[in-house]
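Laboratory data are not the source of any read-out in this text; all were calculated from the coordinates shown. As the structure is a computational prediction, the values presented were derived from the model and not from experiment. Here the Cβ positions follow ideal geometry from the backbone for every residue, glycine too, while neighbour counts run over all protein chains shown.
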Amino acid sequence: MEKEKFVQIISENQNLIFKICNSYCSDQEIRKDLEQEILMQLWQSFGKFDGRVKITTWMYRVALNTAISYYRKNSKQSARKVDLDISIISIPDIEYDHQTDEKILFLYKVIERLNKMDKALVLLYLDNQKYSEISEILGISESNVSTKISRIKKFLKEQISNY
Amino acid sequence: MEIDDLQKAWAQYDKKLNENLKLNEQLLRTMNLDKSKKEMNLPFVHELVSLIVAGICMIFVISTTYKFAGNLELLLSGILTSIIIALAFIGAYKKIKILSNIDYHKAPIIDLQRSLLKFDKLYLKCKKIEFILIPVFVLVALPILAMGSKGYDMLEHRDRYLAILISSIVLIYPIVIWFYKRAYSNKLRNANDFISELNELELEE
């Protein structure tokens, strides 16, 4: 029963995991490992989820913690034990929209250049998370979130002007 | 292009992902989540085993030392061995304490990284002490362990003592280095990458 509930929650929020994996790993193989690692960590902490925070806040926290702490070699070992060589979350047929896709590609390229913490911040910012929620997920103060986001916005503007 | 355009594009992308992403539910179910849980914490399991082994060894060494307390050389060997084992026991206990407090669910990212760094610092300190103490441990532990387990007086057979001592040291170092590299160093490298980011954040606060 718990497993069913877990599958449903993952199913409803799989885009969150997909975006985090894409932002932290450009290599498809590593991305698959990270995806499994995130799902594993989510499953492990699922029993402790008490509903005091929003489900997405909890998922962001676990998924970003995992992505930031992730190290390929370590996770490869655990992934081999799981023994899955295909993605659990896949994107089979997406409608092509040249303009939007170009912007997304550009955003992913910019995200790739950021450090691990800023990657998390920009993802949360783009996903319209409130500063208070970002602060709760990352464990830094709201004023710090605001400072860092202003800096990232400045960086984004610079990247846009060079585009 | 402005930041607002990017945000709008991201929102559209999110919507598109929502509509198109496919979760392979069967695969998620078959992913042996419960079993793999045990495989996830190699350092933790290693420290737990070290703690138990050190505890058992300490009881064995202390009782043997007590039994042969009349022999000064064995008494000294027993005391020094017990001290080294006690150090290993304390180190393992401290590491377990830090590792068991790490909680992916409740810890915000910064706290998690702090805990990992704390663990890594302790691990490095223990590793350094361990590397220095390996030859000392083999040297002092051989007589009391041989006497306690086989009733064999190693100090009476100095040539054999020296041969076992050298071959043990030659064997132990590569094994320990290999194991630590596999079980710990990757995490350590990753956490070290974070030091600069943490420092930067703390300076801003």
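Observations
- Exposure proxy ranking, count of Cβ atoms within 10 Å, fewest first, for B:H157, B:H46: B:H157, B:H46
- Checking the cross-link pairs A:K119/B:K128; A:K154/B:K15; B:K125/B:K150; A:K116/B:K106; A:K48/B:K121 against a 24 Å limit on the alpha carbon distance flags A:K119/B:K128; A:K154/B:K15; B:K125/B:K150; A:K48/B:K121 as lying beyond it.
- In the frame of its principal axes, region B:78-121 has Cα extents of 46, 16, 7 Å, reported largest first.
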